[in-house]
Amino acid sequence: MNAALYSSARLAGILVSFVLVFTGLLASVYHLTAPAIQASLAAERLAFLNEVLPQKYYDNDLLDDVLVLPPTPELGQAVASTVYRARIAGEPTALALEAIAPDGYSGNIRMILGITFDGTITGVRIIEHRETPGLGDYIDLKKDKNKKYPWILQFDGLNYPLVPDAQWKVQKDHGRFYYMTGATVSPRAVIAAVHKAARFVVLHRDELFAGETAP
């Protein structure tokens, strides 16, 4: 082997060794940090769920007691979605699930809501939207400038079976929900989606709680 070939082979060997060592180090770091990362993500997810489903409603592992729904038009879901099931001493108390309003001013509005076994809404939060900043985005608790009476909190404590269907509208449409003048499309979409989701839960609550837990 001439000097040039020897030098090339030696360099290739060094590079391969470096890649193997570096890959091994990355794998070691991943295995060491993965549990902490997963625990952090789980804590964040649980904290977000607690915004719509306070901890007083469950003593089970909310992140473990889940049901995967197929695409569900009643929830605006064209793909599978997850339902989190709350229980106390094994008895069903409430659910947290995602819904989509397809008719927002600028497209889909994704939300999550909590609802008790008897149909009382425990909270609603917007996950994602593209509504007009400073106008329609008051549906989002973080962006609502009215910190004393945020718009989204109007749903808290409403019991679906006790609220007539005709009242699930903004006041402009003779419903019960207040709104900002000139920005009715976004709240109309959210109200309709929450209404449909609450009705879906009340009609299917036994099936939702009895369904097999997702692996």
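The values are calculated or read from the model by the stated rules, or taken from the named source; none is laboratory data. Computed from a prediction, not measured in an experiment: that's the story for all the values here. For neighbour counting, all protein chains shown are included, and Cβ atoms are generated from backbone atoms with ideal geometry for every residue, glycine included.
Given the condition touching a Leu at 6+ places or on another chain (Cβ under 9 Å), over 25 Å from Gly182 (Cα atoms) and either not assigned by TED's automatic domain parsing to the domain that holds Ser186 or not charged (D, E, K, R) (or both), answer yes or no: does some residue in the stretch 103-113 qualify? For the stretch 103-113, residues touching a Leu at 6+ places or on another chain (Cβ under 9 Å), over 25 Å from Gly182 (Cα atoms) and either not assigned by TED's automatic domain parsing to the domain that holds Ser186 or not charged (D, E, K, R) (or both): present.
Candidates in the stretch 101-114 are the residues that are touching a helix residue (DSSP H, G or I) at 6+ places or on another chain (Cβ under 7 Å) and under 18 Å from Trp151 (Cα atoms); of these, the one that is surrounded by the fewest Cβ atoms within 10 Å (Cβ to Cβ) is Tyr105.
Listed by position, the strands (runs of 3 or more DSSP E) contained in the stretch 57-139 that have at least 3 residues being touching a residue at least 60 places away in the same chain (Cβ under 8 Å) and closer than 25 Å to Pro164 by Cα are 91-104, 107-116, 121-128.
Conditions (1) part of a loop (DSSP other than H, G, I, E, B); (2) crowded, with 18+ Cβ neighbours inside 10 Å; (3) of a type in the set (Asp, Glu); (4) more than 25 Å from the chain's Cα centre (by Cα), marked per residue:
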{"position": "Lys147", "(1), (2), (3), (4)": "yes, no, no, no"}
{"position": "Ile152", "(1), (2), (3), (4)": "no, yes, no, no"}
{"position": "Gly157", "(1), (2), (3), (4)": "yes, no, no, no"}
{"position": "Pro161", "(1), (2), (3), (4)": "no, no, no, no"}
{"position": "Ala166", "(1), (2), (3), (4)": "no, no, no, yes"}
{"position": "Lys172", "(1), (2), (3), (4)": "no, no, no, yes"}
{"position": "Gly175", "(1), (2), (3), (4)": "yes, yes, no, yes"}
{"position": "Arg188", "(1), (2), (3), (4)": "no, yes, no, no"}
